[in-house]
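The structure appears right after this line, and notes come after that.
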Amino acid sequence: MFKKTLILSTFLLTLAACSPSQSNSMQAGQAAAESAVSSVQEPSAWHSSSVDISFLSSKINKQLNSITEQSGFGGAQATLGKEGDFKMDVDLGSVKTGIEIRDQRLKDWVFETARFAKAEISAKVDAEAVNNLSVGESVHFKQPLVLNIHGKQINLEADLSAQRVSADKMMVYTLSPVVLDTKSMDMADGVAKLVEVMGLSSIVEQIPVSLHAEFVRRQ
């Protein structure tokens, strides 16, 4: 009985020794930690803070030598809703090849931006899997996509990785390029014009496209 009383007394003295400020600090720290965990897992809407879309094009010259070059788009934005509705708009007029006249030919002949100013990508994402990621954790998944471009609707699948960088930031990127086909996008006539004016033998119809994007949580 004496031992139990001694233990209880020691415990009470220890509590009494803690100042109110120390106690409040401990409670505040615990509350902050609980809030951070809650904010990571709660359903959230996201929007892109940066989107980097690059693509490769391979040209075959008259000597049948292949030349592969990387280009990209400077204007793209995306959103992911709380229910997993994903949308991305790509400004086709923002294409950058590093050669101004080639940019203009792509816009005029291939993309025909006067008629088709942008490409639209939509998908239904597993929002729960994304929102439940802990900070530093990543998930790899195959995501069905619908691409609307140049008057055509094309079903695709992307091999993606999403990583939770912080409670309010997510990185998303392709693990392997998504391969598009110029014929499927009804761009063969424009590509043929490029082949002729550039004095090439051909331009490869398959175009590998890669994505690297940063998303921030919408408050």
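The values are calculated or read from the model by the stated rules, or taken from the named source; none is laboratory data. These figures come from a predicted structure and were not determined experimentally. Heads up, the Cβs are rebuilt from the backbone with ideal geometry, glycines too, and the neighbour counts pull from every protein chain shown.
Within segment 93-104, is there a residue that is surrounded by 13 or more Cβ atoms within 10 Å (Cβ to Cβ), of a type in the set (A, V, I, L, M) and not in a strand (DSSP E or B)?
no
Can you spot a residue in segment 139-155 that is over 20 Å from residue 207 (Cβ atoms), small (Gly, Ala, Ser) and not in a helix (DSSP H, G or I)?
no
Could you grab me the full set of residues in segment 48-88 that are part of a strand (DSSP E or B) and acidic (Asp, Glu)?
52, 69, 85
Kindly list, by first and then second residue, each pair from a residue in segment 82-94 that is within 8 Å of residue 118 (Cα to Cα) to a residue that is among the acidic types (Asp, Glu) and part of a strand (DSSP E or B), limited to pairs with Cβ atoms under 6 Å and residues at least 6 apart or on different chains.
Close Cβ pairs satisfying both conditions: 89/120.
Let me confirm something: among 160, 156, which residue is in the same structural domain as residue 211 (by TED's automatic domain parsing), under 19 Å from residue 209 (Cα atoms) and either surrounded by 18 or more Cβ atoms within 10 Å (Cβ to Cβ) or touching a helix residue (DSSP H, G or I) at 6+ places or on another chain (Cβ under 8 Å) (or both)?
Working: 156 fails: either surrounded by 18 or more Cβ atoms within 10 Å (Cβ to Cβ) or touching a helix residue (DSSP H, G or I) at 6+ places or on another chain (Cβ under 8 Å) (or both).
It is 160.
Could you tell me whether residue 110 is in contact with a Leu (Cβ under 8 Å, 6 or more places away or on another chain) and within 19 Å of residue 185 (Cβ to Cβ)?
Details: in contact with a Leu (Cβ under 8 Å, 6 or more places away or on another chain): yes; within 19 Å of residue 185 (Cβ to Cβ): yes.
For residue 110, the condition - in contact with a Leu (Cβ under 8 Å, 6 or more places away or on another chain) and within 19 Å of residue 185 (Cβ to Cβ) - is met.
Does residue 161 satisfy the criteria of being of a type in the set (Ser, Thr, Tyr) and assigned to a strand (DSSP E or B)?
On the way: of a type in the set (Ser, Thr, Tyr): yes; assigned to a strand (DSSP E or B): yes.
Against the criterion (of a type in the set (Ser, Thr, Tyr) and assigned to a strand (DSSP E or B)), residue 161 qualifies.
Does any residue in segment 142-165 that is basic (Lys, Arg) come within less than 6 Å, Cβ to Cβ, of a residue that is in a strand (DSSP E or B) six or more places away or on a different chain, and which pairs are these?
What qualifies is 142/157; 142/159; 164/170.
Tally time: how many residues in segment 196-219 are assigned to a strand (DSSP E or B), polar (S, T, N, Q) and surrounded by fewer than 16 Cβ atoms within 10 Å (Cβ to Cβ)?
Initially, segment 196-219 is screened for residues assigned to a strand (DSSP E or B), giving 202-203, 206-218.
Filter once more, keeping what is polar (S, T, N, Q): 202, 206, 210.
Then drop every residue that is not surrounded by fewer than 16 Cβ atoms within 10 Å (Cβ to Cβ), which leaves 202, 206.
The number of residues fulfilling the criteria is 2.
Could you please give the count of residues in segment 164-195 that are part of a loop (DSSP other than H, G, I, E, B) and either within 21 Å of residue 45 (Cα to Cα) or not charged (D, E, K, R) (or both)? It would help to see each step written out before you state the result.
Keep residues of segment 164-195 that are part of a loop (DSSP other than H, G, I, E, B), which gives 167-168, 175-177, 182-187.
Now restrict to residues that are either within 21 Å of residue 45 (Cα to Cα) or not charged (D, E, K, R) (or both): 167-168, 175-177, 182, 184-185, 187.
Counting residues in segment 164-195 that are part of a loop (DSSP other than H, G, I, E, B) and either within 21 Å of residue 45 (Cα to Cα) or not charged (D, E, K, R) (or both) gives 9.
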